[in-house]
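One structure is given below, encoded as structure tokens.
The values are calculated or read from the model by the stated rules, or taken from the named source; none is laboratory data. Predicted model, so just to flag it, every value in this text is computed and none were measured. All Cβ positions, glycine included, derive from the backbone under ideal geometry; neighbour counts span all protein chains shown. The area values use the complete protein model at the heavy-atom level, side chains included, leaving out ligands, DNA and RNA. Shrake-Rupley method; radii C 1.70, N 1.55, O 1.52, S 1.80 Å.
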Amino acid sequence: MSGAQEIDVAKLARMRAARYRKLVLAGRVGTLVFIVGAWQLLTDYKIIDPFFAGSPLGIIERLADWFTHGTAYGSFWYQIWVTMEESLLGFFAGVTAGVFFGVLLGEIPLLSDILTPYIKVVNALPRIVLGSIFVIWLGLGLPSKVMLAAVLVFFVVFFNAYQGVKSVDRNLVNHARILGASRLEVVWHVVVPSATSWIIASLHVALGFSIIGAIVGEFLGAQHGLGLVIATAQNNFDTDGVFGAMLIIGIIAISAEGLMAMAEKRLLAWRPARASENEAGGI
């Protein structure tokens with residue numbers, strides 16, 4: 001194939017990819033407009049009861065009121081910040097612990113065999129039970145929410161990091177040792193980079209779990225936060241308020257997911273692009 005033909009093929013692939021992205025965006029916007037429009041029409045014509053189902057306009061009005069006048073627990077912005085703070089602290093604590101223990105147990109089989117049954121038992125416990133225990137131990141403040149979020153994140157990251165370490169090519173490890181690398185150097189320069197793809201993949205799920213942990217913790221007992229706002233709206237039969245707070249949580253989650261995707265691209269820039277990524281426009 002000549003150079004000119006290669007350029008034409010690359011240009012055609014870029015055009016297809018651009019058309020595909022526009023099609024996806026149009027599909028997403030169209031789906032949102034259809035759902036919101038149908039929901040509003042159904043409530044306007046009383047086909048569904050807005051008292052129980054809420055309505056898009058009612059949700060917007062409730063959010064506007066919260067942003068303007070605040071909630072019963074203070075500024076709505078402050079409630080958002082509290083939940084974000086709990087989620088982020090729990091996320092970073094859970095990721096750090098999950099990676100550390102995943103690599104540690106993956107590299108030390110004896111320790112893995114000793115601790116694995118206990119890890120499985122704790123992982124099998126209902127999270128709401130752990131949340132109640134953390135509230136009793138740590139109170140209604142920030143620590144109990146961070147602890148619950150961290151526990152949820154920990155298990156997701158731990159199992160991925162552990163499996164990533166187990167999947168490392170032993171030939172790479174043996175070559176590094178032949179070249180004189182110490183055990184710590186092998187772990188840092190060979191094992192951890194090789195398991196990075198597994199760990200990064202777990203972060204997308206872990207991020208959502210950190211938000212869930214913070215919200216569940218606030219439901220169980222809190223002084224501030226979106227979970228408390230939702231619980232109060234639920235107790236007052238304020239369906240619009242429940243959906244409004246859920247909408248804010250969804251916006252936070254999708255924004256964080258976007259940042260995570262950007263970070264993933266930078267961290268895994270060395271990885272060859274998959275065929276599906278290069279030829280998305282041709283599907």
Checklist entry - Taking the Cα centre of the chain as the origin and placing charges on Cβ (Lys, Arg +1; Asp, Glu -1), which of SER194, TRP137, GLY102 is farthest toward the positive end of the dipole? => result SER194
Next on the checklist: Taking only the Cα atoms of the range 133-198, how large is their convex hull per residue, in Å³?
Outcome noted: 98 Å³
Next on the checklist: If the elastic network links every pair of Cα atoms under 10 Å, which of MET84, MET262, MET246 fluctuates the most in the Gaussian network model of the chain?
Outcome noted: MET262
Item to check | Estimated dipole of the range 2-48 in Debye, rounded to 20 [Cβ of Lys and Arg +1, of Asp and Glu -1, Cα centre] | outcome: 60 debye
Checklist outcome for this item: Computed on Cα atoms, the radius of gyration and Dmax of the chain in angstrom are 24.0, 76
Checklist outcome for this item: the chain accessible area per residue, 1.4 Å probe, protein heavy atoms, integer Å², reads 60 Å²
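How about the range 38-70: which chymotrypsin sites (Phe, Trp or Tyr not before Pro) there lie in a loop by DSSP and see at most 13 other Cβ atoms within 10 Å? All intermediate terms of the calculation are to be shown ahead of the outcome.
Numbers: sites: TRP39, TYR45, PHE51, PHE52, TRP66, PHE67; in loops: TYR45.
For chymotrypsin sites (Phe, Trp or Tyr not before Pro) across the range 38-70 that sit outside H, G, I, E and B with at most 13 neighbouring Cβ atoms in 10 Å, the list reads TYR45.
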Item to check | Given charges at beta-carbon only (K, R positive; D, E negative), |dipole| of the chain in Debye | outcome: 880 debye
Next on the checklist: Give me, ordered by chain and number, the residues 5 or more places off THR71 or on other chains with an amide H under 5 Å from its own placed amide H.
Outcome noted: PHE76
Next on the checklist: I'd like the carbon and sulfur percentage of the solvent accessible area for the chain, probe radius 1.4 Å, heavy atoms only, ligands and nucleic acids excluded.
Outcome noted: 70 percent
Next on the checklist: Among LEU259, MET15, GLN163, which residue has its Cα furthest toward the positive end of the charge dipole of the chain, with +1 on Lys/Arg Cβ and -1 on Asp/Glu Cβ?
Outcome noted: MET15
